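Below is one structure, written out as structure tokens; the observations come after it.
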Amino acid sequence: MRILAQDLPQHLKRGLANCYFVFGDEPLQHTESIDAIRFTAKQQGYTEREVFQITPNFEWTSLFSSVNTPSLFSEKRLIECCLGEGKIGKGIADTLATLATLPNSTSLLFLLSASKLDTKIQQSKGFSALEQKGITICARSLSTKEALVWIEKRLSIAGFQTTPLAIQDLFERTEGNLLAASQVIAKLQLCVDPQKTSKLSIEDIRATINTDTRFTIYDLVDSSLSGSVNRTSRIFSSLRDEGVDPILILWAITREVRTILALFSKMHGGQISSALLSEQGIWKHREPLIKSFLNRFSPAALQNILLKSKKVDDIVKGRMQGSAWDPLFSICLMLTGVYHE
């Protein structure tokens, strides 16, 4: 059965299934879904955890050997399989479906995850069998309407009442980024006492956002797109020194690159309309910046940046060793147009 990430908490209240598969490109819902399953599993006695990184050359025999070997430390085990981008091959869904139906699965809980899942895999018979035996959770990007409802619910959980205008303002200032909105709400809990503030105002939200770091990940993206090397370097250093998670910077950059690639595919005769920009979620004040960037870059150059981003993603998620900051800075410089690889 497939459910949406926002429906998972209610599902977990009814008990655990034997197998979960979390996939999707929305980072906050993806992470929170995995954390919620881990937490519930630990509460229900799955005290031992094994993690397998599934690569194209992964030896499945090692996983099945571990699964079939009883644990000396716990009767219940959580087996996690991290698939990365999910482009592992057409036979993988069959293997995962087999895992979900093992005879001793009552003592095993499988948690599978992929940041993206290849469409062919989703359409395969094996994946259909997996959905019948377990729970697949889609952590997809939310529409504007869904994101507004999500923000309102998060504010309510945090103890705040507010107005539709304040919710809209928070949505626009975080540009639909759920992780950024979540961080603002967490900071509101520290700065504004819900017991003393009957209703959260736009001014409360703006005051909290303005006390945030001097620069944001969106400042970095816009500076890179504008071609300003010095300002890009300064913002990048500021974010790094302030301890901003590199995965947030990578998310903002790849999101912008994919949006611009979508614009390239819909342009006619090298021209782009304000309506098309609005359709792709480009705010009006950013139109000159995006139009200028489109005139300076090619789709091939942007595809190359996405390829470089994969290395940073691998480092951040532990699939490769090294620091993510140096290749991440190179990507920013590539966006300025002064650096090529």
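The values are calculated or read from the model by the stated rules, or taken from the named source; none is laboratory data. Model, not experiment: these values are computed from the prediction. Note: ideal-geometry Cβ built from the backbone for every residue, glycine included; neighbour counts use all protein chains shown. In case anyone asks, the SASA skips ligands and DNA or RNA and just uses the protein heavy atoms, side chains included. Shrake-Rupley method; radii C 1.70, N 1.55, O 1.52, S 1.80 Å.
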Would a scan of the stretch 38-56 turn up a residue that is assigned to a loop (DSSP other than H, G, I, E, B), over 16 Å from L109 (Cβ atoms) and not aliphatic (A, V, I, L, M)? yes
Matching residues in the stretch 70-91 (at negative phi and at pLDDT below 75) number 10
Every listed condition ((1) part of a helix (DSSP H, G or I); (2) of a type in the set (D, E); (3) farther than 27 Å from R255 by Cβ) holds for D35 save (3)
Among helices (runs of 4 or more DSSP H) completely within the stretch 226-341, the ones holding 1 or more residues that are touching a Pro at 6+ places or on another chain (Cβ under 6 Å) and either open to solvent by 20 Å² or more (accessible area, probe 1.4 Å) or farther than 24 Å from T31 by Cα (or both) are 246-266, 299-316
Scanning the stretch 317-341 residue by residue, those of a type in the set (V, I, T) and at pLDDT 85 or above turn out to be I331, T336
Might you check whether a residue that is within 27 Å of T40 (Cα to Cα), among the charged types (D, E, K, R) and modelled with pLDDT of 90 or more occurs anywhere in the stretch 130-150? yes
Restricting attention to the stretch 144-162, the residues that are of a type in the set (V, I, T), in contact (Cβ under 8 Å) with a residue 24 or more places away in the chain and part of a helix (DSSP H, G or I) number exactly 2
- Is at least one residue of the stretch 214-224 open to solvent by 30 Å² or more (accessible area, probe 1.4 Å), of a type outside the set (D, E, K, R) and assigned to a loop (DSSP other than H, G, I, E, B)? yes
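State whether one or more residues within the stretch 169-176 are open to solvent by 50 Å² or more (accessible area, probe 1.4 Å), of a type in the set (A, V, I, L, M, F, W, C) and out of contact with any Leu (no Cβ under 7 Å at 6 or more places or on another chain).
no
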Taking the stretch 124-143 and the residues there that are without any contact (Cβ under 8 Å) to a residue 40 or more places away in the chain and assigned to a loop (DSSP other than H, G, I, E, B), the one that is surrounded by the most Cβ atoms within 10 Å (Cβ to Cβ) would be S124
So, first residue among the hydroxyl-bearing types (S, T, Y) in the stretch 164-175, second residue open to solvent by 80 Å² or more (accessible area, probe 1.4 Å) and at pLDDT 85 or above, Cβ within less than 9 Å, six or more apart or across chains; the pairs are T174/Q183
Checking I121, I185, I209 in turn, the sole residue that is of a type outside the set (S, T, Y), surrounded by 13 or more Cβ atoms within 10 Å (Cβ to Cβ), in contact with a Lys or Arg (Cβ under 9 Å, 6 or more places away or on another chain) and closer than 18 Å to G24 by Cβ turns out to be I121
A careful count of residues in the stretch 12-58 that are surrounded by 13 or more Cβ atoms within 10 Å (Cβ to Cβ), hydrophobic (A, V, I, L, M, F, W, C) and free of Cβ contacts under 8 Å to residues at least 60 places away in the same chain gives 5
